[in-house]
């Protein structure tokens, strides 16, 4: 955990800031790591396969939605995610297709130059949280039956 005097705190991979007496959250990127490093997955030893790229990218977008308190922070993080995958030689077409399919799955339609407004972002965030809770309950129930 890192604490600084500028009203920010970093914990694991999240950053919480006080902006005009309003708390905001976003994904925290460690400066000591290589810029644009992909999220770590121990089972990926070499160049990731298309299914692994799908999983990495999808999980990165979900993490961004869960961590970012507003749509502007999310759009910044989404750009960072796209650049990270491009920097790691993943095709732009594949990145855009995965992100597009993700938003279609959650019924989000792109508007003009930005993805969506704050209200649409809050609805998406609620939907992702609900989906995450349902999957967590399913995995807990599934584990209980194994014993």
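The values are calculated or read from the model by the stated rules, or taken from the named source; none is laboratory data. The model shown is predicted, which means the values in this text are computed figures rather than measured ones. Using ideal geometry, Cβ is built from the backbone for each residue, glycine included, and neighbour counts are taken over all protein chains shown.
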Given (1) in contact with a strand residue (DSSP E or B) (Cβ under 9 Å, 6 or more places away or on another chain); (2) at pLDDT 90 or above, number of the condition residue 117 does not satisfy | (2)
Within the range 74-87, which residues are over 14 Å from residue 25 (Cα atoms), in contact (Cβ under 8 Å) with a residue 24 or more places away in the chain and surrounded by 15 or more Cβ atoms within 10 Å (Cβ to Cβ)?
-> 78, 80, 81, 84, 85
Given the structure, is residue 71 under 22 Å from residue 132 (Cα atoms), at pLDDT 85 or above, touching a helix residue (DSSP H, G or I) at 6+ places or on another chain (Cβ under 6 Å) and surrounded by 12 or more Cβ atoms within 10 Å (Cβ to Cβ)?
-> yes
Could you list, in sequence order, the residues of the range 89-98 that are touching a helix residue (DSSP H, G or I) at 6+ places or on another chain (Cβ under 8 Å) and within 14 Å of residue 51 (Cα to Cα)?
-> 90, 94, 95, 98
